[in-house]
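Worksheet: one structure, shown below.
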Amino acid sequence: MTKITFVDFQGTSRTVEAEIGATVMETAVRNGVPGIEAECGGACACATCHVYVEEQWRSAVGEPAAMEEDMLDFASDVRPNSRLSCQIKVKPELDGLVVHTPERQG
Amino acid sequence: MTETIETDVVIIGAGPVGLFAVFELGLLDIKAHLIDILPKVGGQCAELYPEKPIYDIPGFPIVTGMGLVDNLMKQIEPFGATFHLSQMVTEVTPLGTPVAPRFRVVTDAGTTFECKSVVVAAGGGSFQPKKPPIAGIEEFEEKSVFYAVRKMEALRDRSILIVGGGDSALDWTLNLQPIARRVTLMHRRDEFRAAPHSVERMRKLVEKGEMDLRIGQVSGLRGADGRMEAALCKGNDGSVFEIACDAMLPFFGLTMKLGPVAEWGLNLHENLIPVDTEKFETSTPGIFAIGDINTYPGKLKLILSGFHEAALAAQKVHRYVYPEKKLLFQYTTSSTNLQKKLGVA
């Protein structure tokens, strides 16, 4: 099974099992991980599933597409490793992925 | 004094479920006014996913959010509902009795209604401007920090910092630049979502030295008693700098907040309105809640559930609006009476 770890802004980490093909946002919501709101339900339309990808995972996860980059303008405290978790699909190479959730989602 | 609008029903929320309520009420000869905080109809369908396909609307294998809204607007056209957009309901006051309810509904624009029933179809609550998570920002709100521009004159001769890269940020940059002492636009990157011609105009002004563009994010505010003196900013290279300003306009899009629903005296359960599953009526007789805003055992937040709820709520609303009339159940396929109302007979 593929595992993803979510670390909240206070440093509490939660590791959950992720289904290949689901998004990182869906993985969080299905497992009741706090810190991801996903108001729009994964349409890349709200920027409330903002995460910071841990540095060593950035190349495996990749860079945001233009539409996601536009939507990140609505997120707060955007950093170079910011992504919207509804736009990251879980794949075998991402087993062990660590993402950090921000203090606030908008 | 604005005059009071007298109507059968006020529907709060013009999303898909609020719109379909117009249809179900209309078939029963009930007139409705709709109020929505957004400047357009369609609710989340229009604001969050206009282009996104929906696959679970009965009879539509696939339809986009906007497609569904357009079709609903066409479907309810015969009933001549009145829309009051860009307004937020601030007050719902019961005036009547539980048997003969009557309500006064007031919006933040001062529009006042008197009606026999209220249908709350407010979805996830109201779309409100997203606030940047800057410590202490509340202290400056409405004095130095504004999430919307209500009166441009209030910003004349001020040093304004506008934050964001979309159309709102760019439009207000261009509109305020001529009357402000100085306008600074700040965005987290040197690319803008806003319409290209606005971006071009902005860049021209920057070239001519008539305004400033800074790349970075606001991390703090300096000032006292709600009067801002400067914004503390972070550049993308980690540099820290200040921008002197006495007004800041952050444009970070919209987010859904429950909003004033909590102040209408209704029972709430985890920010949702409990209703019965026969009439979808709330704890206050005459106030109904349909769609995502309500809760009951087995509730599913689906548009199709909201449609069903609208149809059943309309039956009870009819009893309040026409207490003397007996309600006959009729089909649109066969009833010439209903077909007349739809303008097809």
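Hey, among the residues in the stretch B:144-169 that are over 24 Å from the mean Cα position of the chain (by Cα) and not polar (S, T, N, Q), which one's nearest to the other protein chains (Cβ to nearest Cβ)?
The residue in question is B:161.
What do you reckon, is residue B:37 among the β-branched types (Val, Ile, Thr) and either farther than 21 Å from residue B:319 by Cβ or open to solvent by 60 Å² or more (accessible area, probe 1.4 Å) (or both)?
Criteria met by residue B:37.
Quick one: in the stretch B:280-304, of everything that is in contact with a strand residue (DSSP E or B) (Cβ under 9 Å, 6 or more places away or on another chain) and charged (D, E, K, R), which residue is surrounded by the most Cβ atoms within 10 Å (Cβ to Cβ)?
B:292
When residues of the stretch A:56-83 are filtered for being open to solvent by less than 20 Å² (accessible area, probe 1.4 Å), within 11 Å of chain B (Cβ to nearest Cβ) and not aliphatic (A, V, I, L, M), how many remain?
Of the residues in the stretch A:56-83, 3 are open to solvent by less than 20 Å² (accessible area, probe 1.4 Å), within 11 Å of chain B (Cβ to nearest Cβ) and not aliphatic (A, V, I, L, M).
Among residues belonging to the stretch B:225-239 that are small (Gly, Ala, Ser) and more than 34 Å from the chain's Cα centre (by Cα), point out the one that is farthest from the other protein chains (Cβ to nearest Cβ).
B:239
Every residue in the stretch B:314-345 that is in contact with a helix residue (DSSP H, G or I) (Cβ under 7 Å, 6 or more places away or on another chain) and crowded, with 16+ Cβ neighbours inside 10 Å, please.
Within the stretch B:314-345, B:314, B:317, B:338, B:341, B:342 meet the criteria.
Do you know which residues across the stretch B:240-255 are in contact with a strand residue (DSSP E or B) (Cβ under 6 Å, 6 or more places away or on another chain), within 14 Å of chain A (Cβ to nearest Cβ) and open to solvent by 10 Å² or more (accessible area, probe 1.4 Å)?
B:254
From the list B:230, B:247, which residue is within 30 Å of residue B:182 (Cα to Cα) and free of Cβ contacts under 8 Å to residues at least 24 places away in the same chain?
B:230
Of the numbered conditions (1) within 14 Å of chain A (Cβ to nearest Cβ); (2) under 25 Å from the mean Cα position of the chain (by Cα); (3) open to solvent by less than 20 Å² (accessible area, probe 1.4 Å); (4) not polar (S, T, N, Q), residue B:187 satisfies every one except a single condition; which is it?
Only one criterion is unmet by residue B:187, namely (2).
Among the candidates A:98, A:53, which residue alone is away from chain B (no Cβ under 14 Å) and either at positive phi or touching a residue at least 60 places away in the same chain (Cβ under 8 Å) (or both)? Reasoning before the result, please.
On the way: A:53 fails: either at positive phi or touching a residue at least 60 places away in the same chain (Cβ under 8 Å) (or both).
Exactly one residue qualifies, and that residue is A:98.
Find the strands (runs of 3 or more DSSP E) located wholly in chain A whose residues include 2 or more that are at pLDDT 95 or above and closer than 27 Å to residue B:53 by Cβ, and list them. Break it down stepwise before answering.
Working: elements: A:2-7, A:13-18, A:50-53, A:82-84, A:97-100.
It comes to A:50-53, A:82-84.
Please determine whether any residue of the stretch B:260-267 is on the phi < 0 side of the Ramachandran plot, in contact with a Pro (Cβ under 7 Å, 6 or more places away or on another chain), open to solvent by 40 Å² or more (accessible area, probe 1.4 Å) and of a type in the set (A, V, I, L, M, F, W, C).
So in the stretch B:260-267, the residues on the phi < 0 side of the Ramachandran plot come out as B:260-264, B:266-267.
Imposing the further condition that a residue be in contact with a Pro (Cβ under 7 Å, 6 or more places away or on another chain) reduces the set to B:267.
Pick out the ones that are also open to solvent by 40 Å² or more (accessible area, probe 1.4 Å) and you get B:267.
Subsequent filtering for residues that are of a type in the set (A, V, I, L, M, F, W, C) retains none.
No, that holds for no residue.
What's the total number of residues in the stretch B:90-130 that are under 14 Å from residue B:32 (Cβ atoms) and hydrophobic (A, V, I, L, M, F, W, C)? Step through it out loud before you land on a result.
We begin by selecting, within the stretch B:90-130, every residue under 14 Å from residue B:32 (Cβ atoms); these are B:103, B:105, B:113-121.
Still in the running and hydrophobic (A, V, I, L, M, F, W, C): B:103, B:105, B:113, B:115, B:118-121.
Number of matching residues: 8.
Within the stretch B:226-245, can you find the residues that are within 9 Å of residue B:161 (Cβ to Cβ) and outside any strand (DSSP E or B)?
B:245
The values are calculated or read from the model by the stated rules, or taken from the named source; none is laboratory data. This is a predicted model, so every value here is computed, not measured. Note that each Cβ is placed from the backbone with ideal geometry, even for glycine, and that neighbours are counted across all protein chains shown. All accessible areas refer to the heavy atoms of the entire protein, side chains included, with ligands and DNA or RNA removed. Shrake-Rupley method; radii C 1.70, N 1.55, O 1.52, S 1.80 Å.
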